[in-house]
Structure formats: C-alpha cells, structure tokens
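Below is one structure, written out as structure tokens; the observations come after it.
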Amino acid sequence: MSITYQQELTLTAAEYISVLSRTTMRDKRPLGNTARIQGMLDGANFIVTARESDAIVGLARCITDFSWIAYCAELAVVETHQGLGVGQKLIEAAKALLGPQIGLSLIAEPEAEGFYRRIGMQQYAAFFLDREDRS
Ligand SMILES: CC(C)(COP(=O)(O)OP(=O)(O)OC[C@H]1O[C@@H](n2cnc3c(N)ncnc32)[C@H](O)[C@@H]1OP(=O)(O)O)[C@@H](O)C(=O)NCCC(=O)NCCS
C-alpha cells in the first residue's frame, strides 16, 4: 500500500463527501447539503489528504493562522483503510507541513479519544457552544 500525504488546495465537495460518507462521521456532518460543505471547504485554509494512487483515503480539514495555532475540524480515514497508520500519518504530515511554530488542536469524538492519546497528543478540557442549525 503506497500512500502519499500532501496539502490539498482544491479539495472538492464531492471528494470530501466521498471520504466522510465512508466513516462514522457520515451522520455528524451535513453531507446532504453540498453548498454548506463547499462553504466548509472554502473557509478551511489548510487541508491535508492521504492519497492511494489518485483516490483520497483520508483527510484532515483544518483552520490555521499559520503563525501559532491550527484547529483540525475533521480527521477521517475511510473504513477500508483504518488501522493501517493513515490517521497517525495525516496528523504527522499536517504538523510537519505547518512547522514547529504551530500547535495542532481538535475536539475528539468520544470513540477517537484513545487514538489521539495513542499518537501522543496532550489532552486538555474542551469547551464548545453548539450550532443550532445542522442542516
Ligand atoms: C480515528 C481515525 C482517524 C484513526 O485513524 P486510523 O488510520 O484508523 O488510525 P491509525 O491506524 O493511524 O492508528 C494509530 C494508532 O492508534 C490506534 N488507534 C486507532 N484508532 C483508535 C481508537 N479509536 N481508539 C484507540 N486507539 C486507536 C491504533 O491501534 C494505532 O496504534 P499502534 O500504533 O499501537 O498500532 C479513524 O479511525 C477514523 O477516521 N475514524 C472515523 C472518524 C473519526 O472518528 N474521526 C475522528 C474524529 S475526532
């Protein structure tokens, strides 16, 4: 399995939906609302993908100031490729691409907490004001 990790400047809504729909996050993002997904991609200024040949098998969608902090809004690996190190390498690639001045932060889904601990991320308390409209 040869997988490449790279910053993605033009990820399409169809590509994002294709990846997320093959993970447990399929019901946690508005995959049926392409315009909102496009807005999520347009507003995210740092996206890293894992590609096997041309096919995207994982992604990290982040928002960063490229100076201090990056917030990762989604990390997702398609179900056929989970447990193979792709998620860890996506985080490592994002951190390497951002460089030593940038911290990487995210809110973990409960079922993924063990993963973030396993790859050595430090756990803090997160606070969140939820959106009212999830459509
Ligand atoms: C969570 C997710 C990103 C992990 O990616 P992955 O490619 O499957 O994980 P990796 O293969 O890189 O795992 C790296 C290590 O973490 C461990 N790990 C993976 N998922 C884990 C989990 N949910 N809980 C505890 N440990 C986990 C692996 O066993 C591996 O350990 P090892 O080094 O001892 O072999 C992926 O499973 C996924 O997309 N899940 C569905 C969507 C999701 O929950 N995303 C996170 C949103 S916050």
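Convert 25 °C to kelvin, take the viscosity as 0.890 mPa s, use the Kirkwood radius over C-alpha pairs of the range 68-135 as Rh, and evaluate the Stokes-Einstein diffusion coefficient in µm²/s, rounded to a whole number.
Values: Rh = 13.5 Å.
Rounded to a whole number, D works out at 181 µm²/s.
Please grab the % of Cα pairs in the range 56-102 that end up more than 15 Å from each other.
On the way: 466 of 1081 pairs.
Counting pairs separated by more than 15 Å, the tail of P(r) holds 43 percent.
Once you put a point 7 Å from the Cα of Gln7 and another 7 Å from the Cα of Ile63, both along the Cβ direction, what distance in nm separates them?
Spacing of the two 7 Å Cα→Cβ label points: 1.9 nm.
Beta carbons within 10 angstrom, averaged per residue: use that to sort the peptides 86-92, 33-39, highest first.
Details: 86-92: 19.7, 33-39: 14.3.
Going by the mean number of other Cβ atoms within 10 Å, highest first, we get 86-92, 33-39.
Give the share of C-alpha pairs in each 10 angstrom bin for the chain, from 0 to the last occupied bin, in whole percents, shortest bins first.
Calculated P(r), rounded to whole percents: 11, 44, 38, 6, 0.
Mind giving me the FRET efficiency for Glu111 and Ser18? R0 is 30 Å, r the Cβ-Cβ distance, nearest 0.05 is fine. Kindly include the intermediate steps, with their values, before the conclusion.
Values: r = 21 Å, r/R0 = 0.72.
Computed FRET efficiency for Glu111 and Ser18: 0.90.
Quick one: if you stick a label point 7 Å off each Cα along the C-beta vector at Lys28 and Met121, how many nm between them?
Those two pseudo-labels are separated by 1.0 nm.
Please give me the summed charge of the neighbours of Ala76: other residues whose Cβ is under 12 Å from its Cβ, Lys and Arg +1, Asp and Glu -1. Before the final figure, lay out each step's value.
Details: positive: Arg22, Arg26, Lys28, Arg29, Arg61; negative: Glu15, Glu74, Glu79, Glu109.
Value of the local net charge: +1.
So how do 72-81, 96-105 stack up, highest first, on mean other-Cβ count within 10 Å? Present the calculation step by step, with values, prior to reporting the outcome.
On the way: 72-81: 19.1, 96-105: 13.5.
Top to bottom by mean Cβ count within 10 Å: 72-81, 96-105.
How big is the Rg/Rh ratio for the range 4-57, C-alpha atoms only, Rh by Kirkwood, two decimals?
On the way: Rg = 11.0 Å, Rh = 11.6 Å.
In the range 4-57, Rg relative to Rh is 0.95.
Give the peptides 48-61, 110-123 in descending order of average Cβ contacts within 10 Å, highest first. All intermediate terms of the calculation are to be shown ahead of the outcome.
On the way: 48-61: 19.8, 110-123: 11.9.
In decreasing order of mean packing, 48-61, 110-123 become 48-61, 110-123.
Only four residue types carry charge here, +1 at the Cβ of Lys and Arg and -1 at the Cβ of Asp and Glu. Report the dipole size of the range 15-108 about the Cα centre in Debye, rounded to the nearest 20.
Values: 9 positive and 9 negative charges, 33 e Å.
My answer is approximately 160 debye.
Throughout, read-outs are computed from the coordinates displayed, never taken from laboratory work. Note that this is a predicted model, so its numbers are computed, not measured. Note that we place each Cβ from the backbone using ideal geometry, even for glycine, and neighbour counts take in every protein chain shown.
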